[in-house]
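The values are calculated or read from the model by the stated rules, or taken from the named source; none is laboratory data. Please read these numbers as outputs of a predicted model, since none were measured by experiment. FYI the Cβ positions are ideal-geometry reconstructions off the backbone, even for glycines, and counts take in every protein chain you see. Protein only, heavy atoms only, side chains kept; ligands, DNA and RNA dropped before computing areas. Shrake-Rupley method; radii C 1.70, N 1.55, O 1.52, S 1.80 Å.
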Amino acid sequence: MNKNTSRIILAIESTCDETSACIFCDNILSHTIFTSYKCQANYGGVVPELAARYHLLFIHDAVEKALKMAEIKYEQLTNIVYSAEPGLPGSVMVGKVFSHQLGGVLQIPVLGLNHLYGHLFSGWINKTPKYPFIGLVVSGGETCIYLVNSPIDIQKLNDTGDDAVGEVFDKIARRLGYDYPGGPKIDKNFDINKANIQFINSDAAYHRFSFSGLKTAIINYIYQKEIHHEQIDVVAIGSSFQKFAINEIIKKLKYYMTEYNINIVAVGGGVAANSYLKQELEKLNVEIHLVERKYAGDNAAMIAYYGDLVLKYKKIE
Ligand code: KG4
């Protein structure tokens with residue numbers, strides 16, 4: 001890295017409840033994440049207004065700390081990139097206004113990026129992407145499969161018609177008595193030997209993702225147990241849900257890999273940390289670029305990395 005000649009990017013992420021900043025110069029130099037999730041836990045999910053207010057509280061410190069860790073001064077920054085969509089409107093606005101104001105003061109270019117494309121490329125962080133690849137994004141807000149030909153030639157092949165997989169993990173976890181975010185808790189207690197409750201039938205591989213029917217079936221299942229005063233096996237329910245939901249994802253992934261004859265897969269998003277997903281991806285026996293756990297949730301490092309790819313590809317200074 002040459003801090004005198006290379007592009008020095010500040011990236012900002014603020015689409016949900018994480019306020020994150022990253023300084024990137026050929027590599028990730030520093031990365032900070034502040035989160036309001038503990039304050040959201042009391043409500044069982046993210047309260048948009050609260051999240052936006054916490055971004056306002058955190059954003060300055062997140063950036064200052066990232067600059068300090070990277071030993072970079074504001075004047076050395078050459079570009080700012082930020083997550084511009086999709087996200088909670090108030091939260092996105094904080095990152096957007098901060099980025100544009102700072103860019104205006106420093107008189108450097110500011111580029112708004114699609115947050116999901118950050119997740120989409122996050123499995124390639126510290127590597128060079130190979131094209132074309134099939135991308136899977138599984139997060140609290142999205143469940144998408146993409147065909148990726150370049151940093152800007154991205155075709156969505158499938159997404160969810162209703163709830164995102166992470167959102168359903170959290171909602172079912174809440175019903176089972178786990179704190180928010182419950183996805184990791186269902187995973188931690190996952191027992192394949194108990195994952196044999198069939199709530200609904202599996203969907204055709206080429207259909208859109210749909211998780212709300214599964215969610216309703218599980219909530220009804222628990223309700224029926226409660227009104228009949230039957231024992232509720234939290235591990236069996238959580239494990240059966242996890243196995244079914246992940247198998248649906250793997251099935252669709254396989255379908256598109258065959259359809260486009262592509263054996264390179266990149267996986268990003270919070271649910272990429274799921275142990276059963278990892279295990280089933282390995283079984284596919286293809287080239288998998290799974291995001292590192294520290295970049296799986298919402299973070300500015302993936303926005304910086306993707307921003308750098310876009311700027312290089314478009315040859316923007
Ligand atoms: O990418 P991310 O921060 O999502 C958005 O904010 O959109 O990921 C958070 C989501 C949450 O729904 C969380 O429950 C889920 O990722 N998650 C997991 C695991 N770790 C995080 N879900 C299943 N298994 C996990 N190990």
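Quick test of your reading of the structure: Asp170 fulfils all but one of (1) open to solvent by 40 Å² or more (accessible area, probe 1.4 Å); (2) assigned to a helix (DSSP H, G or I). Name the failing condition by number.
Evaluating Asp170 over (1) open to solvent by 40 Å² or more (accessible area, probe 1.4 Å); (2) assigned to a helix (DSSP H, G or I) leaves (1) as the failure.
Sort out which residues of the stretch 125-143 are open to solvent by less than 40 Å² (accessible area, probe 1.4 Å) and within 16 Å of the ligand (Cβ to nearest atom), and write them in order of number.
Ile125, Gly135, Leu136, Val137, Val138, Ser139, Thr143
Restricting attention to the stretch 5-49, which residues are aliphatic (A, V, I, L, M) and touching a residue at least 24 places away in the same chain (Cβ under 8 Å)?
Within the stretch 5-49, Ile8, Ile9, Leu10, Ala11, Ile12, Ala21, Ile23, Ile28, Leu29, Ile33, Ala41, Val46 qualify.
In the stretch 173-186, what residues are touching a Phe, Trp or Tyr at 6+ places or on another chain (Cβ under 7 Å) and part of a helix (DSSP H, G or I)?
Those that are touching a Phe, Trp or Tyr at 6+ places or on another chain (Cβ under 7 Å) and part of a helix (DSSP H, G or I): Arg174, Gly183, Lys185, Ile186.
Please go through the stretch 275-296 and pick out each residue that is more than 16 Å from the ligand (Cβ to nearest atom) and part of a strand (DSSP E or B).
Glu287, Ile288, His289
Would you mind finding the one in Val63, Val97, Val148, Val92 that is free of Cβ contacts under 8 Å to residues at least 12 places away in the same chain and not charged (D, E, K, R)?
After ruling out the rest, the residue left standing is Val97.
Return the only residue of Ala245, Ala272, Ala266, Ala236 being of a type in the set (Gly, Ala, Ser) and more than 16 Å from the ligand (Cβ to nearest atom). Walk me through how you get there before you give the answer.
Values: Ala245 fails: more than 16 Å from the ligand (Cβ to nearest atom); Ala272 fails: more than 16 Å from the ligand (Cβ to nearest atom); Ala266 fails: more than 16 Å from the ligand (Cβ to nearest atom).
Of the residues listed, the single one that is of a type in the set (Gly, Ala, Ser) and more than 16 Å from the ligand (Cβ to nearest atom) is Ala236.
Quick one: what pairs do we get from the stretch 297-310, first residue free of Cβ contacts under 8 Å to residues at least 40 places away in the same chain and more than 13 Å from the ligand (Cβ to nearest atom), second among the acidic types (Asp, Glu) and open to solvent by less than 10 Å² (accessible area, probe 1.4 Å), C-beta under 6 Å, 6+ apart or different chains?
none
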